[in-house]
1. How many residues does the range 310-331 hold that are assigned to a helix (DSSP H, G or I) and out of contact with any strand residue (DSSP E or B) (no Cβ under 8 Å at 6 or more places or on another chain)?
2. Based on this model, can you work out whether residue 282 counts as in contact with a helix residue (DSSP H, G or I) (Cβ under 9 Å, 6 or more places away or on another chain), modelled with pLDDT under 90, assigned to a strand (DSSP E or B) and surrounded by 13 or more Cβ atoms within 10 Å (Cβ to Cβ)?
3. Determine which member of the set 89, 72 is at pLDDT below 95, assigned by TED's automatic domain parsing to the domain that holds residue 130, surrounded by fewer than 20 Cβ atoms within 10 Å (Cβ to Cβ) and farther than 19 Å from residue 126 by Cβ.
4. Which of the residues spanning the range 111-129 are modelled with pLDDT under 85, out of contact with any helix residue (DSSP H, G or I) (no Cβ under 8 Å at 6 or more places or on another chain) and either in a loop (DSSP other than H, G, I, E, B) or more than 26 Å from residue 186 (Cα to Cα) (or both)?
5. Quick check, is residue 111 buried (at least 16 other Cβ atoms within 10 Å of the Cβ) and more than 40 Å from the chain's Cα centre (by Cα)?
6. Answer yes if at least one residue in the range 291-308 is closer than 17 Å to residue 349 by Cα, assigned by TED's automatic domain parsing to the domain that holds residue 348, without any contact (Cβ under 8 Å) to a residue 12 or more places away in the chain and exposed (fewer than 15 other Cβ atoms within 10 Å of the Cβ), and no otherwise.
7. Go through the range 255-269 residue by residue and tally those that are assigned to a strand (DSSP E or B) and loosely packed, with under 14 Cβ neighbours inside 10 Å.
8. Under the condition of being in contact with a helix residue (DSSP H, G or I) (Cβ under 6 Å, 6 or more places away or on another chain) and part of a strand (DSSP E or B), which residue from the range 57-84 is nearest to residue 109 (Cα to Cα)?
């Protein structure tokens with residue numbers, strides 16, 4: 001009780017400070033929760049009590065003390081002892097408190113009002129004859145701030161209430177799981193991941209895939225590109241966090257900006273008809289390469305199809321030319337080297353001429 005009186009006096013001292021003058025003063029008097037303004041020409045707390053007709057009994061607490069000077073607008077508090085009986089989790093506890101209401105009294109007996117569920121509101125006044133209430137301890141919660149574990153109890157409805165009860169205030173970018181607005185449930189564990197640096201956003205390419213689909217209308221060995229693959233894009237947010245006491249890089253979130261579009265290639269599944277050029281195989285040197293060259297480039301070793309990026313007698317792409325050891329551009333090589341490289345390419349794809357010369361390749365068999 002002396003601790004309570006000192007605390008109340010300290011609060012009042014902060015709001016007081018006026019100097020008494022020989023003039024009418026309006027002083028706010030709170031007598032056991034009944035608050036009113038008392039006017040007096042006196043200069044002390046005792047004069048305020050006299051003007052209000054209050055004669056403190058033995059055991060009453062007056063703050064500030066009766067001989068303290070008062071000024072206009074100051075506050076005076078009077079509390080009389082009251083009996084409070086709390087049946088907590090089936091155990092009856094009796095106390096004498098100096099409090100106007102239940103919430104004030106619970107703090108005096110060492111019970112956090114937020115940590116118990118009461119049979120009466122915390123604002124319930126404590127009458128002269130005392131008050132009896134029942135209380136149950138609120139569910140236990142745990143807050144993990146990286147490696148720091150804090151146990152608490154609260155009747156709060158959300159995770160934010162659990163954090164408040166545990167005295168944990170997350171930083172601006174800290175990650176709270178479950179989220180602060182999620183409902184609080186008994187025995188829940190709330191994890192806080194401390195974020196030490198400002199989050200950084202990076203754009204990351206999502207590589208598209210190419211799907212192959214059999215087409216019964218295309219000859220075996222033929223391929224037709226229906227849709228070119230298009231890569232997507234996502235934004236990835238990272239930051240340095242504290243995990244198990246160590247600073248590590250962590251991916252906080254990622255958001256897809258554009259979805260990737262898969263490519264589609266039709267693959268021939270139709271068997272060749274009788275008398276048609278073979279799908280593959282055969283001796284490359286024995287095929288009609290001049291007929292192929294005539295069809296592809298008009299027999300011009302320097303031919304360039306700038307629109308499609310194809311060069312020379314057999315209209316090599318730069319990729320196919322290099323795959324068989326060619327250097328520079330095919331159209332810059334001699335006709336003999338171009339024919340040699342074309343035969344190497346034929347053999348490299350296992351005779352699958354349709355994959356390289358889908359329109360003119362049949363001329364190899366003329």
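The values are calculated or read from the model by the stated rules, or taken from the named source; none is laboratory data. From a predicted model like this one, the values you see are computed outputs, not experimental measurements. Here the Cβ is made from the backbone with ideal geometry for all residues, glycine too, and neighbour counts use every protein chain on show.
1. Summing the residues that are assigned to a helix (DSSP H, G or I) and out of contact with any strand residue (DSSP E or B) (no Cβ under 8 Å at 6 or more places or on another chain) in the range 310-331 gives 4.
2. Considered against the rule, which asks whether it is in contact with a helix residue (DSSP H, G or I) (Cβ under 9 Å, 6 or more places away or on another chain), modelled with pLDDT under 90, assigned to a strand (DSSP E or B) and surrounded by 13 or more Cβ atoms within 10 Å (Cβ to Cβ), residue 282 comes out as no.
3. 89
4. Of everything in the range 111-129, just one residue is modelled with pLDDT under 85, out of contact with any helix residue (DSSP H, G or I) (no Cβ under 8 Å at 6 or more places or on another chain) and either in a loop (DSSP other than H, G, I, E, B) or more than 26 Å from residue 186 (Cα to Cα) (or both), namely 111.
5. no
6. Checked the range 291-308: no residue is closer than 17 Å to residue 349 by Cα, assigned by TED's automatic domain parsing to the domain that holds residue 348, without any contact (Cβ under 8 Å) to a residue 12 or more places away in the chain and exposed (fewer than 15 other Cβ atoms within 10 Å of the Cβ).
7. 4
8. By that ranking, first place goes to 84.
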